[in-house]
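Single-structure report; data block below.
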Amino acid sequence: MWARVRERVPVVVQARGRRRAGARVLWVSAEAFVTCGVLVLLLVVHQLWWTNQQARAEARDQVRVLEREWDISPSDSSDSSGQPGQLDGVGGGGDPSSSEPAVESGSGGAAPSAGAPRPTAPPAPAPSAAFAVLRIPRLGLTVPVAEGISKRSVLDKGYVGHYPGTGGAGRVGNFALAGHRNTHGEPFRYLNRLAPGDRIFVRTRARTYVYRVDLVLGSTSPRDVGVIRAVPRSLVKPSYGYDAPGAYLTLTTCTPEFTSTYRLVVWAKLVSTR
C-alpha cells in the first residue's frame, strides 16, 4: 500500500507543473497578442488622426503666412506660379515662350497686336516652396499650393503639389495639382464631390484666378500622363479630355479611398481673374 502511494506522488506533482507551465504560456501569449493589438491601434490612430492634425495645422499656418505677406507687399507684376514646360520628358507642357496670361472673361479687353511685346514668363517657384492658395468652397477647403509633388516636403505636410513642368496659374496651359486623399491632411478627401459648375479659386501674390469645374474622370491609371498635359486628354479613356489649348486646372488624387490603385481627375477652366 505505501509503495503505491509513493509511486503516485511524483505523478501528481508533474501534472501540476505541466498545468502551471501551460498557463504561463497562455498568459504570455495573451499579453503579446494584446500588446500587438494596442501597437496596431496606435499606428492606425497616428496615420488616420494625428498626421491629419499635424498637416492641417501646418497648412493653415502656411496659408496665413502667404496671405499676410501678400497683403503687406502686393505685386502688380506677373505672378511666379510657374510656366508651361515639358513634363518629365512626356511632352505635356507646351512651349514656354508662347505662354501668356489668359484674357479675363467678360473684360472686353482686346488681344495684343502681333507686334506687341509679350509678357515675360515668370520664373518657376523654388522646389517645395508654397506660392499659391487653393480654395474650393464646395468642399470647405483652403490649402497652400507648393512646387513639386514630393511626399515628404510637400504632400505629407498637408499641401497640394504643383506638377513640375506643367502650366502656371491663370496662364494658357494646364495648371496641374496633386493632393492626398487620405492621411496627412487629406486635402482632396472629398474631391469626388465636385461637379461641373463648381468654382475653384487660386490666389497668388499678383491676383486671384477663378476656375469652373468642367469635367470629372472618376478613375484612370496612375500612368495616365495625358491628364496633365498642356491640352489634357486621358490616354486610357480618350473620350475624356480636350482638343484645343486653353487655361486649364487639373486636380488629381488617389482612388478608391485608402488605396493608390487608380487616380481621380477633375478638370476646370479659367473663367475670370480678380
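Annotations for the structure displayed:
- Residues in the range 198-243 that are within 30 Å of residue 74 (Cα to Cα) and either modelled with pLDDT under 95 or over 20 Å from the mean Cα position of the chain (by Cα) (or both): 205, 206, 207, 208.
- Residue selected from the range 121-175 under the condition in contact with a strand residue (DSSP E or B) (Cβ under 7 Å, 6 or more places away or on another chain) and among the basic types (Lys, Arg), by the criterion surrounded by the fewest Cβ atoms within 10 Å (Cβ to Cβ): 135
- Cβ-Cβ distances below 8 Å connect the following pairs, each with a first residue in the range 46-69 that is small (Gly, Ala, Ser) and modelled with pLDDT of 90 or more, a second residue that is surrounded by 12 or more Cβ atoms within 10 Å (Cβ to Cβ) and part of a helix (DSSP H, G or I), and a separation of six or more residues or different chains: 55/156; 55/157; 59/157.
- Among the candidates 226, 218, residue that is farther than 19 Å from residue 167 by Cβ, in contact with a Leu (Cβ under 7 Å, 6 or more places away or on another chain) and either in contact (Cβ under 8 Å) with a residue 60 or more places away in the chain or not in a loop (DSSP other than H, G, I, E, B) (or both): 218
- When the range 239-257 is filtered for residues that are buried (at least 19 other Cβ atoms within 10 Å of the Cβ) and assigned to a loop (DSSP other than H, G, I, E, B), only 240 remains.
- Odd one out for residue 268, checked against (1) touching a Pro at 6+ places or on another chain (Cβ under 8 Å); (2) surrounded by 16 or more Cβ atoms within 10 Å (Cβ to Cβ); (3) under 26 Å from residue 59 (Cα atoms): (1)
- Selection within the range 201-218 - farther than 15 Å from residue 144 by Cβ and either in contact with a strand residue (DSSP E or B) (Cβ under 9 Å, 6 or more places away or on another chain) or surrounded by fewer than 19 Cβ atoms within 10 Å (Cβ to Cβ) (or both): 207, 209, 210, 211, 212, 213, 214, 215, 216, 217, 218
- Residue 183 satisfies every condition listed in (1) modelled with pLDDT of 95 or more; (2) closer than 24 Å to residue 66 by Cβ except (1).
- Where strands (runs of 3 or more DSSP E) fall wholly inside the range 151-208, the ranges with 3 or more residues that are over 19 Å from residue 231 (Cβ atoms) are 199-203.
The values are calculated or read from the model by the stated rules, or taken from the named source; none is laboratory data. Nothing here was measured: the structure is a model prediction, and the numbers come from that model. Quick reminder, even Gly has a Cβ in these numbers, built from the backbone with ideal geometry, and neighbours come from all protein chains shown.
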